[in-house]
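What follows is a short report on a single structure.
What follows draws every value from the coordinates through simple rules; no lab data is involved. This one's a predicted model, so the numbers in the text were calculated from it and none came from an experiment. Please note: Cβ atoms are built from the backbone with ideal geometry, for glycine as well, and neighbour counts cover all protein chains shown.
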Amino acid sequence: MKRMSAEQAAEIIQHDDMVAFSGFTPAGSPKALPSAIAQRAGEQHQNGQAFQIRLLTGASIGAAADDALSAADAVSWRAPYQTSSGLREKINQGQVRFVDLHLSEVAQMVNYGFFGEIDVAVIEASAIAPDGRIWLSSGIGNAPTWLLRAKKVIIELNHYHNPRVAEFADIVIPGAPPRRNSVPIFHTMDRVGSQCVQIDPKKVVAVVDTELPDAGNAADKTNPVSQQIADNVVTFLLAEMAHKRIPAEFLPLQSGVGNINNAVMARLGENPDIPPFMMYSEVLQESVVHLLETGKITGASASSLTISAPSLQKIYDNMDFFASRIVLRPQEISNNPEIIRRLGVIALNVGLEFDIYGHANSTHVAGVNLMNGIGGSGDFERNAYLSIFMAPSIAKGGKISTIVPMCSHVDHSEHSVKVIVTEQGIADLRGLSPMQRAHTIIDNCAHPLYRDYLHRYLEQAPGGHIHHDLSHAFDLHRNLLETGSMLG
Ligand code: 0RQ
């Protein structure tokens, strides 16, 4: 297998190639090739040559990597999720074609050829054997599928990782329809696959040695609003337990990323009335490591360890403790609808806005500008035992209400959103008709600044089963776009 520098390996990649990166969030993503590809694009452009790749990933990659690639105009097409401000700008200017996909579906779509062939996979590995066995690192994502489908494979062999990281991996690839077998995961921590991926070693065209930690995401800040939302979520879950709608041993949790989710995990962790529980999630963030240590979390399944370098080091230093408590799966398994439904996962995600009937917008500000993408939120919320959506009731100091008459873009529909929680309170929508939902959401979740407006809208809106005034449903959004504030 040919050892070479990242710059030499980048020469293998050609204009318009479909390139697929390993990892899920910065965890397990390539560290050296993104900037080498950006540099190659810059050089090619200077020589008057076209050079842009089409880029598939697991979820986000390091924001710096997406920023570098988009700043160099190195990407023409991108899927399925991103969190970089530079790339976001290019997408919203129409310069990069972005396809926003449910993360569980991407591997299957590639297997069926929905996006054509993968020319080159760039995969971070913790180890590689001459016979073509490849061990991954702190994020699995779609790497197993990329390894099997790509015509050529570039391996970033990252010596930073403890080789024992592969003990977390449980790699299984579901078969093809119409006779696809069930994935026999009947308990959060069940292991059903292997620790490595076997490919034809002849496909490995380059091995690039690196020794780099996963790029950290911006540190989450705790704030009183997030804390209040977290308290409301805990109150709701305790009431569900008291009503025996959550069994005494609790149910596995999925938790998204960000301030609010971190606050929820911390509050659940410190509450003595919440029993020890498990996570069946897509990302494990910082707070989970601590809760595994205290025993509050007894096992965690995900696709990546999206944690700081010191926390990852702590895990590597205590592998005997963590190896049986963490399992990392390909994202089509961590986010698999069949398993999420079977295990009765409680899904905790954050949205940008909700309408008075319970539709949720997670992705497009004022219906037009992409924020990040749907990520795995849809995989979980549609199939969860309880889908809980959270948000502050206002954004931008009150210029924006996150409760609006009609969502300007819908990612999650009223048919599957079960509970909405803001710092104002809890709207439990189960069993409520649309008109009951509207009153509950306005009274319990909307900010007092916007409650009268929303009630007035509802009173004046004509309709049948659902009431809407189609000529005024987007007045708040129009005000925002025209004046910078929803109240005008
Ligand atoms: O902007 O930072 O400039 O003030 O949006 O909002 O409240 O900090 O919340 O960081 O948790 O992000 C939905 C984007 C929330 C995220 C979203 C502005 C607000 C702020 C961020 P500023 P907050 P968060 C797990 C599951 C989809 C993917 C997903 C997300 C900024 O949670 O991308 O769930 N979710 N994945 O001021 C205009 C509104 C707004 C608004 C907030 N209504 N209009 N701007 N903001 N509401 C992860 C994976 O899938 C890998």
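The length gained by stretching the chain between A323 and Y112 to full extension, at 0.36 nm per residue less their Cα-Cα distance, is 72.6 nm. Specify the longest stretch of the chain that does not include any exposed loop site, a site being one of the GluC sites (Glu not before Pro) with a non-H, G, I, E, B DSSP assignment and at most 14 other Cβ atoms within 10 Å. Formally, the longest exposed-site-free interval is 250-488.
State to the nearest 20 debye the size of the charge dipole of the range 354-419 about its Cα centre, where the only charges are +1 on K and R beta carbons and -1 on D and E beta carbons. Walk me through the numbers on the way to the answer.
On the way: 4 positive and 5 negative charges, 44 e Å.
In debye, rounded to 20, the range 354-419 gives about 200.
Charge dipole of the chain (Cα centre as origin; +1 on each Lys and Arg Cβ, -1 on each Asp and Glu Cβ, all else neutral): 680 debye, rounded to the nearest 20.
Relative to one another, the C-alpha centroids of the range 1-48 and the range 456-486 are positioned 47 Å apart. A straight chain from R341 to E43 at 0.36 nm per residue would run longer than the Cα-Cα distance by 102.3 nm. For the range 210-281 and the range 381-429, compute the distance between their C-alpha centroids and round to whole Å. That distance is 17 Å. For the chain, the Cα gyration tensor yields ellipsoid semi-axes of 39, 28, 19 Å (square root of five times each eigenvalue, largest first, whole Å). Length gained on full extension, E482 to H439: 12.7 nm, using 0.36 nm per residue less the C-alpha separation. Per the Debye formula on identical point scatterers at the alpha carbon atoms of the range 83-238, with no solvent, log10 I(q)/I(0) at q = 0.15, 0.17, 0.18 Å⁻¹ is -1.06, -1.20, -1.24.
Ordering S324, N271, A438 by the projection of their Cα atoms onto the charge dipole of the range 224-483, which places +1 on the Cβ of Lys and Arg and -1 on the Cβ of Asp and Glu, puts S324 at the extreme positive end.
Express the Stokes-Einstein translational diffusion coefficient of the range 224-483 in µm² s⁻¹, to the nearest whole number, given a Kirkwood radius over alpha-carbon pairs, 20 °C and a viscosity of 1.002 mPa s. This corresponds to a translational diffusion coefficient of 113 µm²/s. Selection among V165, H472, T402 by position relative to the dipole of the chain gives V165 as farthest towards the positive end (Cβ unit charges, Cα centre). Under a straight-distance cross-link criterion of Cα-Cα below 29 Å, which lysines are reachable from K2, leaving out those fewer than 8 residues away in the same chain? Those lysines meeting the cut-off are K31, K151, K152, K202, K203.
Residues Y450, Y81, arranged from fewest to most other Cβ atoms within 10 angstrom of their Cβ, appear as Y450, Y81. Using the Cβ-Cβ distance between R456 and A248 with R0 set to 51 Å, the FRET efficiency works out to roughly 0.70.
Can you compute the label reach from D469? Point 7 Å from Cα along the Cβ direction, backbone N cut-off under 14 Å, restricted to the range 398-427. Once the point is set 7 Å along Cα→Cβ of D469, 405-406 turn out to lie under 14 Å by backbone N, inside the range 398-427.
Given +1 at the Cβ of Lys and Arg, -1 at the Cβ of Asp and Glu and no other charges, the dipole of the range 380-488 around its Cα centre is 120 debye to the nearest 20.
How big, in percent, is the set of alpha carbon pairs in the range 398-488 lying more than 20 Å apart?
Numbers: 1388 of 4095 pairs.
Value for the range 398-488 (Cα pairs over 20 Å): 34 percent.
Counting beta carbons within 10 Å around each of C196, C445 and listing the fewest first gives the order C196, C445. From least to most packed, judged by other beta carbons within 10 angstrom and beginning with the fewest, S433, S401 follow the order S433, S401.
Let me have the relative contact order for the chain, percent, based on Cα pairs under 8 Å that are six or more residues apart.
Working: 1135 pairs, mean separation 66.8, N = 488.
Across the chain, relative contact order equals 14 percent.
Given the -39500 (n - 2.57) contribution per DSSP H run of 4+ residues, what per-residue ellipticity at 222 nm results for the chain, rounded to the nearest 500 deg cm²/dmol? Kindly include the intermediate steps, with their values, before the conclusion.
Numbers: 17 runs with 154 residues, N = 488.
So the calculated ellipticity at 222 nm is -9000 deg cm²/dmol.
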